[in-house]
Amino acid sequence: AQTVTQSQPEMSVQEAETVTLSCTYDTSENNYYLFWYKQPPSRQMILVIRQEAYKQQNATENRFSVNFQKAAKSFSLKISDSQLGDTAMYFCAFMKLNNNDMRFGAGTRLTVKP
Amino acid sequence: NAGVTQTPKFQVLKTGQSMTLQCAQDMNHNSMYWYRQDPGMGLRLIYYSASEGTTDKGEVPNGYNVSRLNKREFSLRLESAAPSQTSVYFCASSPASSGKETQYFGPGTRLLVL
């Protein structure tokens, strides 16, 4: 079974600074998808960024980028120029190719301080 | 375009009572999902439906049943609620049947079983 580990239960960062959230996963699959979801206090789950394992290039979405290290099974999220609205729980998730079973990590609570 | 909607937003049940959580999406998506989120844990998949007329078990299906009523609607039923089912329930949908596409989440239903 696939497992996803987020080793940082809580983190904080000053507004405008950069922060990196860690995620590791365990799988024997070669092709799969990785995701970062954001859950603000409203509880709505919002997709931040998605990475396909067969793509070597790291995904980026505006201020959000990932460092995907396939051999190390690591998928960290970097948030640049942090904003107060980035305060939320962040979940890393894994999904096998052609499969509907998405596995989530326990989450990292990020607080952006003014 | 409302996306994914869930009803009710909050529900209190007594042990042994039954109830159905409703979910609907207006994006013409093929796949729909039910997750539960417990404190300190990521989301866990209960059941999913890859297409109208099909349903499959996820990671934690015991104590639940589902119905894919049509392409828009996917309901989750608790036949005899237990305190261990106290949780926040999220419905999600995605365009593809294989699950490879991004999942869009509803706002969640908070369920308390006494």
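All but one of (1) more than 10 Å from chain B (Cβ to nearest Cβ); (2) in contact with a strand residue (DSSP E or B) (Cβ under 7 Å, 6 or more places away or on another chain) hold for A:Q57, so report the exception by its number.
(2)
Would you point out the residue of the stretch B:77-96, among those that are in contact with a strand residue (DSSP E or B) (Cβ under 6 Å, 6 or more places away or on another chain) and farther than 20 Å from B:Q17 by Cα, that is modelled with the lowest pLDDT?
Among them, the one singled out is B:S94.
Within the stretch A:83-112, restricting attention to residues that are of a type in the set (K, R) and farther than 16 Å from A:T18 by Cα, which residue is modelled with the lowest pLDDT?
The residue in question is A:K96.
Considering only the stretch B:1-64, give the strands (runs of 3 or more DSSP E) lying wholly within it that have at least 1 residues that are under 14 Å from B:F105 (Cα atoms). Even if it seems obvious, please write down each step before you answer.
On the way: elements: B:4-7, B:10-13, B:19-25, B:31-37, B:43-49.
In the stretch B:1-64, B:4-7, B:19-25, B:31-37, B:43-49 are the strands (runs of 3 or more DSSP E) which contain 1 or more residues that are under 14 Å from B:F105 (Cα atoms).
Could you list, in sequence order, all residues of the stretch B:25-54 that are closer than 17 Å to A:Q39 by Cα and either in contact with a Leu (Cβ under 8 Å, 6 or more places away or on another chain) or among the β-branched types (V, I, T) (or both)?
B:W34, B:Y35, B:R36, B:Q37
Does the stretch A:57-73 hold any residues that are out of contact with any Lys or Arg (no Cβ under 8 Å at 6 or more places or on another chain) and either part of a strand (DSSP E or B) or polar (S, T, N, Q) (or both), and which are they?
Matches in the stretch A:57-73: A:Q57, A:N58, A:T60, A:E61, A:N62, A:F68, A:Q69.
Residue under question is A:R43, and the condition is that it be in a loop (DSSP other than H, G, I, E, B), among the basic types (K, R) and either under 17 Å from the mean Cα position of the chain (by Cα) or within 23 Å of B:S94 (Cα to Cα) (or both); does it hold?
yes
Checking the condition modelled with pLDDT of 90 or more, under 18 Å from B:G40 (Cβ atoms), under 10 Å from the mean Cα position of the chain (by Cα) and surrounded by fewer than 20 Cβ atoms within 10 Å (Cβ to Cβ), which residue from A:S22, A:S65 passes? Can you show your working first?
Details: A:S65 fails: under 18 Å from B:G40 (Cβ atoms).
Within the list A:S22, A:S65, the selection yields A:S22.
Which numbered condition trips up A:S76, out of (1) within 26 Å of B:Y89 (Cα to Cα); (2) away from chain B (no Cβ under 14 Å)?
(1)
How many residues are under 22 Å from B:A96 (Cα atoms), touching a Gly at 6+ places or on another chain (Cβ under 9 Å) and either surrounded by fewer than 19 Cβ atoms within 10 Å (Cβ to Cβ) or of a type in the set (F, W, Y) (or both) when one looks only at the stretch B:7-43?
The number of residues fulfilling the criteria is 5.
The values are calculated or read from the model by the stated rules, or taken from the named source; none is laboratory data. These numbers come from a predicted model, not from an experiment. All Cβ positions, glycine included, derive from the backbone under ideal geometry; neighbour counts span all protein chains shown.
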